[in-house]
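In what follows, a single structure is set out as structure tokens and then discussed.
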Number of protein chains: 2
Amino acid sequence: MSDTIEILAAQVAFGNRRALAKAITLIESRRAADRTKAESLLAALPKPETPALRLGLSGTPGVGKSTFIEALGLMLVEAGHKVAVLAVDPSSARSGGSILGDKTRMEQLSRSPQAFIRPSPAQTQLGGVARRTREAIRLVEAAGHDIVLVETVGVGQSETLVAEMTDIFVLLLAPAAGDELQGVKRGIMEMADVLLVNKADGALKPQAESTRADYAGALGLMRPRPDDPKGYPAARTLSAQTGEGLSEAWDTIMTLATARLSSGALIARRAEQNRTWFREELTGQFLDHVQNLPAMKSAISDIEASVVSGALPPSAAARKVIESVFGETG
Amino acid sequence: MSDTIEILAAQVAFGNRRALAKAITLIESRRAADRTKAESLLAALPKPETPALRLGLSGTPGVGKSTFIEALGLMLVEAGHKVAVLAVDPSSARSGGSILGDKTRMEQLSRSPQAFIRPSPAQTQLGGVARRTREAIRLVEAAGHDIVLVETVGVGQSETLVAEMTDIFVLLLAPAAGDELQGVKRGIMEMADVLLVNKADGALKPQAESTRADYAGALGLMRPRPDDPKGYPAARTLSAQTGEGLSEAWDTIMTLATARLSSGALIARRAEQNRTWFREELTGQFLDHVQNLPAMKSAISDIEASVVSGALPPSAAARKVIESVFGETG
């Protein structure tokens, strides 16, 4: 068994795409036996010689995210990079994605041997998606991908999650009418390192520029990160369709990445991310352990009926269970 | 201390708005002493004589959610109801809301003595927001509000959370161009009991109707809930601005509520919700308890440095800690 895992790890490190896909399927599995194997696999992976750049990317449906990833990915592959695209989309839990799936997205990029694209797994819990994505990042890096794009949709918790597992967070926007600035949550603006207004082509070009200026103004009101170069967070326009502004947008991202790498900020950020990840793993594993304790099971079954009927508030009932298993909690 | 809590509970039950606001502030507090008080308060509340209708409402920014709530709330207040509006918006964690705040929203409704509006609390964790909102529902119901609207934004986990604490889930949409149906996640469509296309007025009216028809078609492809009357999930158009279609939309909601109440489905759903809530409370309280165990603290500090440096994968490190505190986990 352990032999097989060693072989899989070696295949992943050798850049075997099939092995990589198989390894990600393994870490996505929720079977206990697979989890043990997944941990062995992660432990057996070599560390990549140079750290990959981990890029978070968010944008609501309609901003042209797939077109952008396709254009950027193809540009980077052409420049000799190996690019991995991972998706974080907890809302796909029920059905495995939006009505139109991932299959028709990023068609050209998905055919490139230098690119690896993996859609979001179907998981009910944000925590499960987070673990899987962090581990998938480790896998694609071990497979030699030096640029890892982690994309997510919309307005919500998943942005925070992606920002917490990447080095730089990019927010993709569409040209907006005058008063639509309010639609973007301040919390998400605050996470963005680089803000890109897409669709700056044809008739929309002036509107894209004025949207960029509006956001640049809003970004100017926020506190800059102390270690970042002047001018960041930065706002740019581009057209993923025509390619105009794309390489300038990438330069904007790379200038920041280089600065953070040489200042030590990038390494410090990753150390902090490892700490958070460890805490979350601890939490998850505690819960698995305790929920299987016989004393816990019987205490729960004694009290559950009166909670379900509404007679006892859940918070008080939970306290009673904890006290009966572990003693007084104060 | 406990006297004060008894008095506060009585004041809430008497419909004192100031006491209600104070009680919600208490349950939102994360101080341990306040938590104990909050639990006493919840236990001291009388159960409302007739159950309130709990209505979940979701809609992305720009669909006119505030205008809709204002129009619906005023209509219901006029009809003699007491309406409470609670917001669930985990992404407001960092800054306390969108760039334009809640102050200018629902101006008329917020002045009505029969209405109580409470914005989303600033909480980092979805779990914290969920607990607070469930407890706030209990409080506003004890204060005599017979219709409780729980609103949330956008595309993500918060919809699931709101659907899981309400009786009926309403999705508000704007008229869309032909291919925008894909923007609404299938998972969210599947949660919706009633789908309302707003802005069916003026030039947008035909577009609203065709959007409604598109969604009705998509809903038709989904499995209906076995106990619901024929025709549900339902799709309607309305204009919150002009009021056209508003009372018909409300009738659509009430017909479903009445059917679910008389079939027993509503009570069964609440029992299931209580069970889930209890499990979540257990999880939260258990973690609080374990994280404060001295053995746990020392095991964590022994291993954390090698995780942070990247030498040890977080999942394997967490397993070591659990094993050292609780023994082998298998």
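Of the residues B:A208, A:I188, B:L196, the one whose Cα sits farthest towards the positive end of the charge dipole of the protein assembly as shown is A:I188 (charges of +1 on Lys and Arg Cβ, -1 on Asp and Glu Cβ, taken about the Cα centre). Counting only the Cα atoms, the stretch A:1-46 fills a convex hull of 55 Å³ per residue. For the stretch B:21-60, the list of trypsin sites (Lys or Arg not before Pro) that fall in a loop by DSSP and count at most 15 other C-beta atoms within 10 angstrom reads B:R30, B:R31. Between amide H atoms placed 1.01 Å from N, distances below 5 Å from B:F169 occur with B:G56, B:D193, B:V194, all of them 5 or more places distant or on a separate chain. Summarising the label geometry, the points placed 7 Å from Cα in the beta-carbon direction at B:S306 and B:E78 lie 7.1 nm from one another.
Inter-chain Cβ neighbour count for A:287-296, averaged per residue, equals 3 (cutoff 10 Å, partner chain atoms only).
Ordering of B:292-299, A:141-148 by packing is A:141-148, B:292-299, highest average first (other Cβ atoms within 10 Å, averaged per residue). Distance between the 7 Å Cα→Cβ label points at B:T242 and A:I267: 6.6 nm. Considering the options B:S324, B:V129, B:L45, tell which one lies farthest towards the positive end of the dipole of the protein assembly as shown, charges being +1 on Lys and Arg and -1 on Asp and Glu at the Cβ, about the Cα centre. It is B:S324.
Residues whose amide H falls under 5 Å from that of B:A235, counting only those 5 or more places apart or on a different chain, are B:L195, with hydrogens built in the peptide plane. Say the cut-off is 28 Å between C-alpha atoms; which of A:K82/B:K320; A:K82/A:K205; B:K65/B:K205; A:K199/B:K199; B:K22/B:K297; A:K297/B:K22 go over it? Pairs exceeding the cut-off: A:K82/B:K320; A:K82/A:K205; B:K22/B:K297; A:K297/B:K22.
Applying the Karplus relation 6.51 cos²θ - 1.76 cosθ + 1.60 with θ = phi - 60° to the stretch B:241-246 yields 3J(HN,Hα) values of 5, 8, x, 5, x, 5 Hz, where x marks Gly and Pro.
From the Kirkwood radius over Cα pairs of the protein assembly as shown, Stokes-Einstein at 20 °C and 1.002 mPa s returns a whole-number translational diffusion coefficient of 81 µm²/s. Once the Cα-Cα distance is subtracted from the 0.36 nm per residue extended length, the A:D34 to A:L287 segment shows a gain of 89.3 nm.
Evaluated with a Cβ-only charge set (Lys, Arg +1; Asp, Glu -1), chain B carries a dipole of roughly 400 debye about its Cα centre, given to the nearest 20. Computed from the Cα positions only, the extents of the stretch B:275-326 along the three principal axes stand at 41, 21, 16 Å, in decreasing order. Charging the Cβ of each Asp and Glu at -1 and of each Lys and Arg at +1, and nothing else, the dipole of the protein assembly as shown about its Cα centre rounds to 440 debye.
Where a number appears in this text, it was derived from the coordinates with a stated rule and is not lab data. Predicted, not measured: the structure shown is a model, and the values here were computed from it. In this analysis, Cβ positions are derived from the backbone assuming ideal geometry, glycine residues included, and neighbour counts consider all displayed protein chains.
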